[in-house]
Amino acid sequence: MGLNVTEKIISNHLTEGEMTTGQPVALRIDQTLTQDATGTMAYLEFESIGIDRVKTDLSVSYVDHNLLQSDFRNADDHRFLQSIAARYGIYFSRPGNGICHQVHIERFAVPGKTLLGSDSHTPTAGGCGMLAMGAGGLDVAMAMAGEPFHLVMPAVIGVRLTGSLQPWVSAKDVILELLRQLSVKGGVGCVMEYFGPGVETLSVTDRGAIANLGTELGATGTVFPSDEVTRQFLESQKRSDDWQLLTADDDASYARIIELNLSELEPMIACPSSPDNVVKVREVQGRPVSQVIIGSCANSSYRDIATAAAAIENRQIAETLSFEINPGSRQVLENADIQGALRHLIHAGARIHQCGCLGCIGMGQAPATGTISLRTFTRNFPGRSGTKDDQVYLCSPETAIASAVKGVITDPRDLGEAPAVTMPDQYLVNDNGIIPPPENGSDIEIIRGPNIKPLPEFEPLPEDLEATVALKVEDNITTDHIMPAGSKILPLRSNVPAISRYVFSAIDPDFPDRAQKLGSVIIVGGENYGQGSSREHAALAPRYLGVRAKLVKSFARIHKANLINFGIVPMTFEDPADYDRITPGEKLVIPGIRAAILSGADTVTVKSPSGDTFQAKLDLSERDRFILAAGSLLNWVKAKITS
């Protein structure tokens, strides 16, 4: 039996386990990336491991999230990141150089390689034939130290593309349609792999846009083949030596195959407040809009900006809204300038922002109260924009620009003939915003501002666990619910005691004080708990507050891994109906939990104050069990190093 592309990459990087779906495997990691909202903590963790230089082929530290410098904290973190990159052999992408995923696919993505990033949208690089995965910062720190990345062998879902996109329909509509079909849980435990004749009609940045939102399906990653289109893209980036042909074998198999005819797709839109609340644009057409933003790691490429510029040439934006552009990189900005695209956008009334994530993670660009904001972003979770009770819709650049012109949600096909946009044969490449590390950085001083605090130390798992249910939540709780982002909170990422004051603040502002008073805490939740961002602070900060276990109906992959890394026991109900039996404030007892975990037990008995018992499942690898017993991944690794 032949191999698909995902299996080929995994087989070339497998260090432990066998390629059997659902079984633990470990993969050698070629490249890592961090961004500044997660990177400061990741590098503090890397430092604590105690090695002298990163052991990957390439590691890059990007500054793209915390770009608003309203006080010293973000600027201090940026200096820390630049100095630690030079010290340990890491490339540094400066503030304003661009969004990590856009810059990485331009300058560093290599077909057939593995990439691990401390950002959930790292799978964007799958558009260039990589197996790229998001993870918590501690997992990325371990990869930089030369440790393999541990995960469960994913099932590979094949998406067979036929036909070609019609005018005014683009790659964003492809992934929105899949989100409509599959939901935010449809890709959990899977890699999405695209194949078929329709693939060759999509550019690498089109593929990257699709791979990017594969994260919103809950997928481990998204993989496209490396073909002639990939070769042409790398050549346009003056990186033709990085290309290799990488396609699925003719007799490759998939866990399931989804057929998608690109020719039949229409403009799609995700309504508030979930990326899978998708309908055709025509179904919501006419709703008034106050803000339109084109940007984010999903849709800020040259193609996206040039399309918007061509569509708005000789037009003006509606006087009732703010139209904003967040270019994905300096390369996008410079090439858009060369081609005259910026002139068209500025003349039409667009606000041009710096190259970065910005409003996508609540770093500015909050919409007005009670109004609709159309964004080409990745997520529209409630309040993520910075405005309570926001109404954020996710759409393609084509739908965004049409709506900016009309002032209401508009099917872009109503604008008439679609603009013709051609990709440059050769991009203007300017790497001045990327600082390579010196050959030897051992003498470089690491600069630490006053907001950068030491890592907390965590005690091992006790023999018996007694914990109070401090909070009970419903299905689809996101990491935004657990640990919010935004301009107020993101600058605290390097200060665990300070940022812990905001844990569950959107749900229960009193949670931090209550948790610390209780001492040992358990959280109870529903399905798909922890979906969304890879932010490890959604595990680290609760652990600091005393959370020792989470008992839910099901977990999102990255969050579950982060919980294990910080010594929080992830358990699921053996009978989901037991969820209804638990009352907030009661104390649950799990006798012998440490022995059960170390012995390989699949379940533990949970006792309630009334004397009733029920079973909770432990879906853990042998390595997971050692980490939980030690109290954290760092504890376990340090013990191995010193033993």
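Name the pairs: first residue in region 41-55 and over 18 Å from ILE452 (Cβ atoms), second residue among the hydrophobic types (A, V, I, L, M, F, W, C) and crowded, with 17+ Cβ neighbours inside 10 Å, Cβ to Cβ under 8 Å, at least 6 apart or on different chains?
Hits for this filter: ILE51/ALA145; VAL54/PHE46; VAL54/ILE90; VAL54/MET144; VAL54/ALA145; LYS55/MET144; LYS55/ALA145.
Checking ALA145 against (1) out of contact with any strand residue (DSSP E or B) (no Cβ under 9 Å at 6 or more places or on another chain); (2) under 30 Å from ALA310 (Cβ atoms), which single condition isn't satisfied?
Evaluating ALA145 over (1) out of contact with any strand residue (DSSP E or B) (no Cβ under 9 Å at 6 or more places or on another chain); (2) under 30 Å from ALA310 (Cβ atoms) leaves (2) as the failure.
Residue by residue through region 504-551, note down the ones that are part of a strand (DSSP E or B) and within 29 Å of LEU33 (Cβ to Cβ).
Within region 504-551, TYR529, GLN531, VAL547, LYS550 meet the criteria.
Quick grid of which residues meet (1) in the same structural domain as ALA402 (by TED's automatic domain parsing); (2) out of contact with any Pro (no Cβ under 6 Å at 6 or more places or on another chain); (3) over 27 Å from HIS104 (Cα atoms):
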{"site": "GLY286", "(1), (2), (3)": "yes, yes, yes"}
{"site": "GLN291", "(1), (2), (3)": "yes, no, yes"}
{"site": "SER296", "(1), (2), (3)": "yes, yes, no"}
{"site": "ALA308", "(1), (2), (3)": "yes, no, no"}
{"site": "ALA311", "(1), (2), (3)": "yes, no, yes"}
{"site": "ASN326", "(1), (2), (3)": "yes, yes, no"}
{"site": "SER329", "(1), (2), (3)": "yes, yes, no"}
{"site": "GLU334", "(1), (2), (3)": "yes, yes, no"}
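Taking region 59-91 as the search range and keeping residues that are of a type in the set (Phe, Trp, Tyr) and within 24 Å of THR205 (Cβ to Cβ), which one is nearest to the chain's Cα centre (by Cα)?
Ranking the candidates gives TYR62 first.
Please verify whether region 617-638 includes one or more residues that are modelled with pLDDT of 95 or more, in a strand (DSSP E or B) and surrounded by 14 or more Cβ atoms within 10 Å (Cβ to Cβ).
Yes: one or more hits.
Go through (1) without any contact (Cβ under 8 Å) to a residue 40 or more places away in the chain; (2) out of contact with any Leu (no Cβ under 7 Å at 6 or more places or on another chain); (3) of a type in the set (D, E, K, R) and name the single condition LYS550 misses.
Condition not satisfied by LYS550: (2).
Exactly one of (1) within 20 Å of GLU527 (Cβ to Cβ); (2) crowded, with 24+ Cβ neighbours inside 10 Å is unmet by VAL156. Its number?
Failing condition for VAL156: (1).
If we scan region 259-274, do we find a residue that is without any contact (Cβ under 8 Å) to a residue 40 or more places away in the chain and loosely packed, with under 15 Cβ neighbours inside 10 Å?
no
Quick check: anything in region 604-622 within 26 Å of the chain's Cα centre (by Cα), within 25 Å of MET153 (Cβ to Cβ) and touching a residue at least 60 places away in the same chain (Cβ under 8 Å)?
The answer is yes; a qualifying residue exists.
Within the set of pairs 6+ apart or on separate chains, which have a first residue in region 228-241 that is over 17 Å from GLU200 (Cα atoms), a second that is of a type in the set (Val, Ile, Thr), and C-beta atoms under 6 Å apart?
Every condition considered, the pairs that remain are LYS238/VAL429.
Which numbered condition in (1) more than 19 Å from GLN516 (Cβ to Cβ); (2) surrounded by fewer than 17 Cβ atoms within 10 Å (Cβ to Cβ) is the only one that PRO456 fails?
PRO456 satisfies all of (1) more than 19 Å from GLN516 (Cβ to Cβ); (2) surrounded by fewer than 17 Cβ atoms within 10 Å (Cβ to Cβ) except (1).
Here are some residues: ILE90, ILE51, ILE105. Which one is hydrophobic (A, V, I, L, M, F, W, C) and over 29 Å from ALA209 (Cα atoms)?
None of the others qualify; the one that does is ILE51.
In region 368-413, what residues are surrounded by fewer than 24 Cβ atoms within 10 Å (Cβ to Cβ) and free of Cβ contacts under 8 Å to residues at least 40 places away in the same chain?
Listed by number, the residues that qualify are THR369, GLY370, THR387, LYS388, ASP389.
Restricting to region 217-245, name every residue that is part of a helix (DSSP H, G or I) and either among the hydroxyl-bearing types (Ser, Thr, Tyr) or touching a Lys or Arg at 6+ places or on another chain (Cβ under 7 Å) (or both).
THR230, SER236, SER240
Identify, from the list SER61, SER83, the residue that is buried (at least 21 other Cβ atoms within 10 Å of the Cβ), on the phi < 0 side of the Ramachandran plot and touching a residue at least 24 places away in the same chain (Cβ under 8 Å).
SER61
When the residues of region 485-522 are narrowed to those that are among the small types (Gly, Ala, Ser) and over 16 Å from LYS453 (Cβ atoms), which ends up surrounded by the fewest Cβ atoms within 10 Å (Cβ to Cβ)?
Per the criteria, the residue is GLY519.
Is one or more of the residues making up region 59-73 among the β-branched types (Val, Ile, Thr), more than 28 Å from VAL156 (Cβ to Cβ) and in contact with a Leu (Cβ under 8 Å, 6 or more places away or on another chain)?
yes
Give just the number: which of (1) modelled with pLDDT of 95 or more; (2) of a type outside the set (Asp, Glu); (3) in contact with a Pro (Cβ under 7 Å, 6 or more places away or on another chain) does VAL279 not satisfy?
All conditions pass for VAL279, except number (3).
So which of GLU319, GLU324 ends up being in contact with a His (Cβ under 7 Å, 6 or more places away or on another chain) and either surrounded by fewer than 24 Cβ atoms within 10 Å (Cβ to Cβ) or within 21 Å of VAL405 (Cβ to Cβ) (or both)?
Just one listed residue meets the conditions, GLU324.
Can you spot a residue in region 5-18 that is out of contact with any Ser or Thr (no Cβ under 8 Å at 6 or more places or on another chain), surrounded by 15 or more Cβ atoms within 10 Å (Cβ to Cβ), of a type in the set (Asp, Glu) and more than 29 Å from LYS640 (Cβ to Cβ)?
yes
Do any residues in region 348-361 that are of a type in the set (S, T, N, Q) have Cβ atoms under 7 Å from those of residues that are surrounded by fewer than 24 Cβ atoms within 10 Å (Cβ to Cβ), where the two are at least six apart or on different chains, and which pairs are they?
Final answer for the pair search is GLN354/LEU67; GLN354/GLY96.
Pick from ASN432, ASN451: which is at pLDDT 95 or above and over 30 Å from VAL279 (Cα atoms)?
The unique qualifying residue is ASN432.
Give PRO576, PRO570, PRO584, PRO591 a once-over and let me know the one that is closer than 26 Å to GLY187 by Cα and touching a strand residue (DSSP E or B) at 6+ places or on another chain (Cβ under 9 Å).
PRO570
May I ask you to list the residues in region 139-180 that are touching a helix residue (DSSP H, G or I) at 6+ places or on another chain (Cβ under 8 Å) and in a helix (DSSP H, G or I)?
Selection gives ASP139, VAL140, ALA141, MET142, MET144, ALA171, LYS172, VAL174, ILE175, LEU176, LEU178, LEU179.
The values are calculated or read from the model by the stated rules, or taken from the named source; none is laboratory data. Keep in mind the model is a prediction, meaning the values are calculated, not measured. Cβ coordinates were reconstructed from backbone atoms using ideal geometry, including for glycine residues, and neighbour counts include every protein chain displayed.
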